[in-house]
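Heads up, the thing below is written out as structure tokens.
Just so you know, all these numbers are worked out from the coordinates, no wet-lab data involved. This structure is a prediction, so every number in the text was calculated from the model and none was measured. Methodologically, a virtual Cβ is constructed for each residue, glycine included, from the backbone with ideal geometry; neighbour enumeration extends over all protein chains shown.
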Amino acid sequence: MDKFEAAFNDIIAKDLKVEPRDWMPEEYRKHVLRQVSQHAHSEVIGMQPEGNWLLRAPSLRSKQVLLAKIQDEGGHGLYLYSVAETLGMSREEMINQLHAGKAKYSSIFNYPALNWADMGAIGWLVDGAAIVNQVSLQKTSYGPYSRGMVRICKEESFHQRQGYEIMLHMARGTKEQKEMAQDALNRFWFPSLMMFGPHDADSAHSSKAMEWKIKRESNDQLRQKFIDKTVPQAEFLGLTVPDPNCKWNETTGHYDHSPFNWDEFWAVVNGDGPCNTERLDHHKKAHNDNAWVRDAAVAYAKKTEGSLV
Ligand code: FAQ
């Protein structure tokens, strides 16, 4: 082992942060980059199901709040693309990989948002799951990723409340509204649980990620945390999670759950979900249609280079 590797191992052992200028094993760099890429694209593609409802928000207030949330998600994508740049991958290259189908994004965003109750379910469940994952990632070993997560988590907790507030209104509204809230919970429950990835035993990257402290808790640990937090929230709403086996287990001190449909999960991850084609096509079109904005920004930056603006 040379002195560079020893210094890297020391950073990990002492729970310090690996910074962009530190030496790091090539495998570590690629590992963080892969996860950050997946995360960045998730934030940006995740804007689409909600964007679809902006023009149909039921009040000016709900529209303002949803708009602010979607803008935050675009911002999270930008922080994460910047993290990827510190690891040597340009934003352009990342977008090319996304468009070529080589880069992943979270499975959850390949499910459709059918009505306003889905805006509630996405904020409550999808952002709720994202928070559980991202609070843990605040302690990840790569410095820029860790610091990005601190700010992202503050905004995500507002997003979760935005969703829960919608669910609360609908669950306490008319009979039809309550049914819509229950239907949204029914459709989003299992896909939200699968956001945490495959079971630990089937997770290809987990053991290395845990060894290098990129991930601080495993997929199953985080998923269980989310279930334990969320089931009482559903009960408070007067809604029922769509899993007859989801019952408190005195022995384990956790809620049980039914087995997941991993065939569906892998189909969605590998491009065959209900909205995969639509999401990518939309991203490509927006990217191409707005090329002039990037061109103008680059031209302006060149023109003002060296001057104080
Ligand atoms: N979807 O070995 P593992 C938000 C892939 S949205 C798609 O367990 P790992 C804000 C995985 O990439 C959520 N692919 O992998 C928002 C790998 O593929 P590869 C954003 C998945 O990395 C809310 C393969 O399966 N947050 O925040 C999924 O150790 C509302 C093997 O899996 C993140 O993305 C999946 N669900 O653990 C915005 C968190 N699960 O690379 C709008 C960051 C697994 O071999 C609206 N990511 N895969 O081709 C992570 O924490 C991790 O990457 C995991 C997976 C936990 C997702």
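Label-to-label distance for residue 56 and residue 299 is 3.8 nm, based on points extended 7 Å past Cα in the beta-carbon direction.
In order along the stretch 191-202, the Karplus-derived 3J(HN,Hα) couplings, from 6.51 cos²θ - 1.76 cosθ + 1.60 at θ = phi - 60°, round to x, 5, 5, 7, 4, 6, x, x, 4, 3, 5, 9 Hz, and Gly and Pro are given as x.
When the Gaussian network model of the chain links Cα atoms closer than 10 Å, the mean-square fluctuations of 74, 120, 101 top out at 101. Couplings for the stretch 268-273, taken from phi via the Karplus curve 6.51 cos²θ - 1.76 cosθ + 1.60 with θ = phi - 60°, read 5, 4, 8, x, 10, x Hz in order; Gly and Pro are left as x. Highest mobility in the GNM of the chain, judged by mean-square fluctuation with C-alpha springs under 10 Å and restricted to 29, 21, 151, is found for 21.
Taking 2.2 N^0.38 Å as the expected size of a compact globular protein, what ratio does the Cα radius of gyration of the stretch 1-74 give against it, to two decimals? Can you show the working numbers first?
On the way: Rg = 20.2 Å, N = 74, 2.2 N^0.38 = 11.3 Å.
Compactness ratio reported: 1.79.
Once backbone amide H atoms are built at 1.01 Å from N, residue 254 has 249 as its partners under 5 Å, excluding neighbours fewer than 5 places away on the same chain.
I'd like to know which of 236, 184, 206 lies farthest towards the positive end of the charge dipole of the stretch 127-237, counting +1 on Cβ of Lys and Arg and -1 on Cβ of Asp and Glu. Ranked along the dipole, the leading option is 206. Sequence-distant contacts, meaning Cα pairs under 8 Å at least 6 residues apart, place the relative contact order of the stretch 10-76 at 28 percent. About the centre of its Cα atoms, the chain shows a dipole size close to 820 debye [charges on the beta carbon of Lys, Arg (+1) and Asp, Glu (-1) only; nearest 20 debye]. Here the Gaussian network model covers the chain, with springs between Cα atoms less than 10 Å apart; of 137, 55, 114, 55 fluctuates the most.
Treat the chain as a sphere of radius equal to its Kirkwood radius over Cα pairs and apply Stokes-Einstein at 37 °C in a medium of 0.692 mPa s; give the translational diffusion coefficient in µm²/s, rounded to a whole number. For the chosen part, D equals 158 µm²/s.
Rounded to 0.05, the FRET efficiency of the residue 63 and residue 1 pair, given R0 = 45 Å and the Cβ-Cβ distance, is 0.20. Once both labels are positioned 7 Å from their Cα atoms along Cα-to-Cβ, the gap between residue 285 and residue 99 label points is 1.5 nm. Rounded to 0.05, the FRET efficiency of the residue 9 and residue 85 pair, given R0 = 35 Å and the Cβ-Cβ distance, is 0.85.
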